Amino acid sequence: MTPLLIANWKMQLSVGDSLERLRQLRVRLDDFRDDLHVAVCPSFPALPVAADILSDSSIRLGAQDAFWTDRGPFTGQVSPADLRAIGVHYVLLGHSERRQLGETDDMIGRKMVAAVGHGMMPVLCVGETAAERSDGRHELVVRRQLTAALRSMPPAVRGRRLSIAYEPVWAIGSGEPARPEQALEMKAVIDQTVVDLYSAVTAAESFRVLYGGSVTADNICDYVRPTGFSGALAGTASLEVDSFVTMIEAVNQCFRRPT
Ligand code: PGA
């Protein structure tokens with residue numbers, strides 16, 4: 001499966017800085033072959049102009065969230081129909097920074113259905129906190145998050161390509177990524193949960209599992225490789241154009257290196 005590298009810019013950059021970085025990225029990745037999917041998720045206010053900057057480029061646009069219904073009295077929410085109309089391709093759902101603010105498994109499940117219904121590709125973020133890991137509940141928590149979000153998907157949309165990002169909460173923004181063997185253990189839990197929920201064939205054909213949490217150009221190939229994760233979700237290291245491009249080049253290399 002083609003690897004996928006997603007930049008999550010959170011609320012870290014102004015609109016002006018986001019657009020400037022996208023213009024530079026577009027130039028830097030102009031002759032990049034399409035054997036790696038690259039996506040950037042800027043903040044909502046940057047999306048319409050970002051879509052213009054990236055039009056006809058190989059860089060895809062992602063949003064950091066999307067609501068579960070198109071229209072209605074929902075102050076402050078963002079309609080998935082509008083995101084799709086702008087040209088958004090990927091939608092991050094269930095990021096731990098949103099779960100910490102009160103987003104529940106049920107809300108995430110409803111958003112998944114809406115995003116897929118609009119032809120966008122959800123990137124479902126799952127992962128345990130440090131306390132859950134030290135209590136030995138990490139596998140249980142991730143299985144619960146996955147089952148809750150995926151069981152609401154109607155059969156007709158189950159075969160669509162989805163990504164699941166394993167992002168241990170303690171590794172996000174901490175500079176301390178999960179050890180590769182810890183991450184791979186959790187990837188096995190995710191793979192098995194998806195097989196239990198769907199079938200081995202659907203799991204293999206329709207799901208990408210990404211790693212996220214203090215990914216850098218130096219460590220990305222510990223996770224993203226043919227026998228490991230099929231992509232990564234990067235925050236801090238994606239904020240500067242140089243380091244994001246270096247990460248993209250690293251993935252391109254390590255995906256080709258026999259393991
Ligand atoms: P980080 O963020 O790379 O800064 O750890 C990752 C994320 O939150 O998706």
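The values are calculated or read from the model by the stated rules, or taken from the named source; none is laboratory data. Since we're looking at a predicted model, the values are computed, not measured. A quick note on method: Cβ atoms are made from the backbone with ideal geometry, for glycine too, and the neighbour counts reach across all protein chains shown.
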Would segment 102-123 turn up any residue that is outside any strand (DSSP E or B), within 16 Å of the ligand (Cβ to nearest atom), in contact with a Gly (Cβ under 9 Å, 6 or more places away or on another chain) and under 15 Å from Q145 (Cα atoms)?
yes
Subset of segment 170-181 that is of a type outside the set (K, R), under 18 Å from G231 (Cα atoms) and more than 8 Å from the ligand (Cβ to nearest atom) - its residue that is surrounded by the most Cβ atoms within 10 Å (Cβ to Cβ)
A178
Screening E176, E185 for residues that are part of a helix (DSSP H, G or I) and over 18 Å from V123 (Cβ atoms) leaves only E185
When residues of segment 63-89 are limited to those that are β-branched (V, I, T) and touching a Leu at 6+ places or on another chain (Cβ under 7 Å), the one farthest from L233 (Cα to Cα)
I86
Suppose we keep only residues that are β-branched (V, I, T) and buried (at least 18 other Cβ atoms within 10 Å of the Cβ) within segment 190-204. Which one would you say is nearest to the chain's Cα centre (by Cα)?
I190
Can you tell me which residue is surrounded by the fewest Cβ atoms within 10 Å (Cβ to Cβ) among those in segment 1-19 that are at pLDDT 95 or above and assigned to a loop (DSSP other than H, G, I, E, B)?
M11
Give L92, L83, L22, L47 a once-over and let me know the one that is modelled with pLDDT of 95 or more and not in a helix (DSSP H, G or I).
L92
Restricting segment 188-210 to residues that are assigned to a helix (DSSP H, G or I) and in contact (Cβ under 8 Å) with a residue 24 or more places away in the chain, the one nearest to I6 (Cα to Cα) turns out to be S206
Among residues of segment 145-169 being assigned to a helix (DSSP H, G or I) and at pLDDT below 90, the residue surrounded by the most Cβ atoms within 10 Å (Cβ to Cβ) is L150
A203 passes all but one of the listed conditions (1) more than 16 Å from the ligand (Cβ to nearest atom); (2) touching a Cys at 6+ places or on another chain (Cβ under 8 Å); the exception is number (2)
Can you name every residue in segment 25-44 that is not hydrophobic (A, V, I, L, M, F, W, C) and not in a loop (DSSP other than H, G, I, E, B)?
R26, R28, H37
